[in-house]
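Please read the structure below before turning to the comments.
What follows draws every value from the coordinates through simple rules; no lab data is involved. Note that the structure is predicted; figures quoted are calculated from it, not measured. Cβ: placed from backbone, ideal geometry, glycine included. Neighbour counts: every protein chain shown.
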């Protein structure tokens, strides 16, 4: 591919501002939720095209790793183009990239955003708490995306971009298969590198990796605080988490509204800073959507900060018709498919398989984008700095976007699209 021109960049940015998108969504969003609760991805069709931006389609692709993946894509109708793959987080969907996909496609890319394993209309893999969570280990997530790339007819892509839970999948994809993923963008979740072996006093490697595990004493220390607290990632690995959110007293739609609001720049209490250490006392400074009250579920935690009707009406980055796409899908599927990834973190296999890559770095061009009001950038002590200093050897920038919290590509899509296109110009030339 030749370098992107200024005209390409401006056309790409203009694409996300088309007012016709909102009109189309208002006409069709009710059709998203026609499927009844419990309908599986294998039983449901693609999105109605009217809820999507012009030029974006919804379809299914078998990835060869056991999934019938639902994808949103654009830039597919104009011959061979370099491909960019966009990976969403929790509790999101491929739909979270709706404001970015047109900009990248207008700039000359084939853009593909899948519903990840366990999410939305993608089917396959264990979606019940009782199911084996090993399908949701990061390296199988890499296999999912490699399989998708190959099924699309590519042997490499220009970039893999991951937000939130998609960020570590993107990171591991570029670390394990740099031949397939020629550059990487990490969003909201910094990558501090693979786990490393501990070394004893005699200089010998021991079997215990220096990573955070389910037996980390910090979790018991949190429970001993006054008032007692618990970490959300450990809570998400419990049986109760899915039921608490899926059957929230306020309903899935209101639950998601409050959850997205609390983690956005709209919630003015979000004023993040770097923590000094991975200790209960330091972690207790995090908002309660990260370090929760011990006796509350996530539904109750966010309910206390439900935005007012006026605040909801003023929310331009997530109007009700957009939120209804999410709430319709999660009302149908529940949250367990996404929560399986958190369960997998507490298995022995999680650390042992990643130790294979101890000492490896991400050596393809890389970029980080986060929201300036996002605590996710700082929740792991030192990860943001380690990512820039050692974990990524060709990092071209680390940007914290004003006016954005955790949902940076939805809250500030114009700036995120500009940064992505600028990075892709640089990465393609290298």
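A convex hull fitted around the alpha carbon atoms of region 196-346 yields 142 Å³ per residue.
Given in Å, the Rg to one decimal and the Dmax to the nearest whole number for the Cα atoms of region 117-187 are 12.5, 38. With a Förster radius of 35 Å applied to the beta-carbon distance between residue 426 and residue 320, the computed FRET efficiency rounds to 0.40. The peptide list 124-131, 267-274, put in order of mean Cβ contacts within 10 Å with the highest first, becomes 124-131, 267-274.
Each of 406, 231 has some number of other Cβ atoms within 10 Å of its Cβ, and from fewest to most they run 231, 406. Based on Cα contacts under 8 Å between residues 6+ apart, region 213-333 shows a relative contact order of 34 percent. With both labels modelled 7 Å from their Cα along Cα-to-Cβ, the residue 243 to residue 360 distance reads 4.0 nm. Reducing region 276-318 and region 136-210 to their Cα centroids gives an inter-centroid distance of 29 Å. Averaging the sequence gap over all C-alpha pairs within less than 8 Å and six or more residues apart, then dividing by the number of residues, gives region 89-138 a relative contact order of 25 percent.
Put a dot 7 Å past the Cα of residue 201, heading toward its Cβ, do the same for residue 223, and the two dots end up 3.2 nm apart.
Remark: 187, 69 ranked as 69, 187, counting other beta-carbon atoms within 10 Å and listing the fewest first. Taking the DSSP bridge list for the chain and keeping only pairs wholly inside it, about 40 percent are antiparallel.
In the list (1) 147; (2) 136; (3) 201, the label attached to volume of the Cα convex hull per residue in Å³ as derived from the coordinates here is (2).
Say R0 is 25 Å: what FRET efficiency, to the nearest 0.05, do residue 274 and residue 393 get from their beta-carbon distance? Present the calculation step by step, with values, prior to reporting the outcome.
Numbers: r = 23 Å, r/R0 = 0.90.
Efficiency for this residue pair is about 0.65.
With the highest mean first, a sort of the peptides 111-122, 139-150 on other beta-carbon atoms found within 10 angstrom per residue produces 111-122, 139-150. A protection proxy built from the mean count of other Cβ atoms within 10 Å ranks the segments 157-166, 219-228, 390-399, 248-257, most packed first, as 157-166, 248-257, 390-399, 219-228.
Here the simple spin-label model places points 7 Å from the Cα toward Cβ, and for residue 68 and residue 294 these points are separated by 4.6 nm.
Calculated mean residue ellipticity at 222 nm for the chain: -9500 deg cm²/dmol, from DSSP H runs with n ≥ 4 weighted as -39500 (n - 2.57), summed, divided by the residue count and rounded to 500. Each Cα pair under 8 Å and six or more residues apart adds its sequence gap; the mean of these over the residue count of the chain is a relative contact order of 20 percent.
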